[in-house]
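Working notes for the structure below.
Read the figures in this text as sums done on the coordinates, not as results from a lab. It should be emphasised that the depicted structure is a prediction, and the values quoted were computed from it without experimental measurement. All Cβ positions, even for glycine, are placed from backbone atoms using ideal geometry, and neighbour counts span all protein chains on display.
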């Protein structure tokens, strides 16, 4: 039972990611939702993670906490009709195509890693 709920939770997150990715591409979001969606989609669809998945527990835990929080903020700042429209499109997209890639996400994650490294080095001096 718990396993089934967890699979549904993950599937819903994937649908939400694609929902807001499609809305972002169509420029159907407000300014705040666009910024947060860009961050969320970058983090979710980038092949590079801030905490690599090979690190036991933490590698996946960050995605199970950060992405749902960002999705909740996006939902709160996006009109319901926009979410409903793009959610239907996302379900169709996922039935016919592979998980999307977000190339800007790689750049944003690399910039974040660089900033963390710079801050760590600066703190040591």
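Per residue, the convex hull spanned by the alpha carbons of the range 54-125 comes to 145 Å³.
Calculate how steeply helix 80-96 sits against the longest principal axis of the alpha-carbon atoms of the chain, using the helix alpha-carbon long axis, and give the answer as 0 to 90 degrees to the nearest 10. It works out to around 90 degrees. Among 14, 115, the order by Cβ neighbours within 10 angstrom, fewest to most, reads 115, 14.
Quantify how much of the Cα-Cα distance distribution of the chain extends past 19 Å, in percent. Show your work: numbers first, answer last.
On the way: 4075 of 7750 pairs.
Tail fraction, whole percent: 53.
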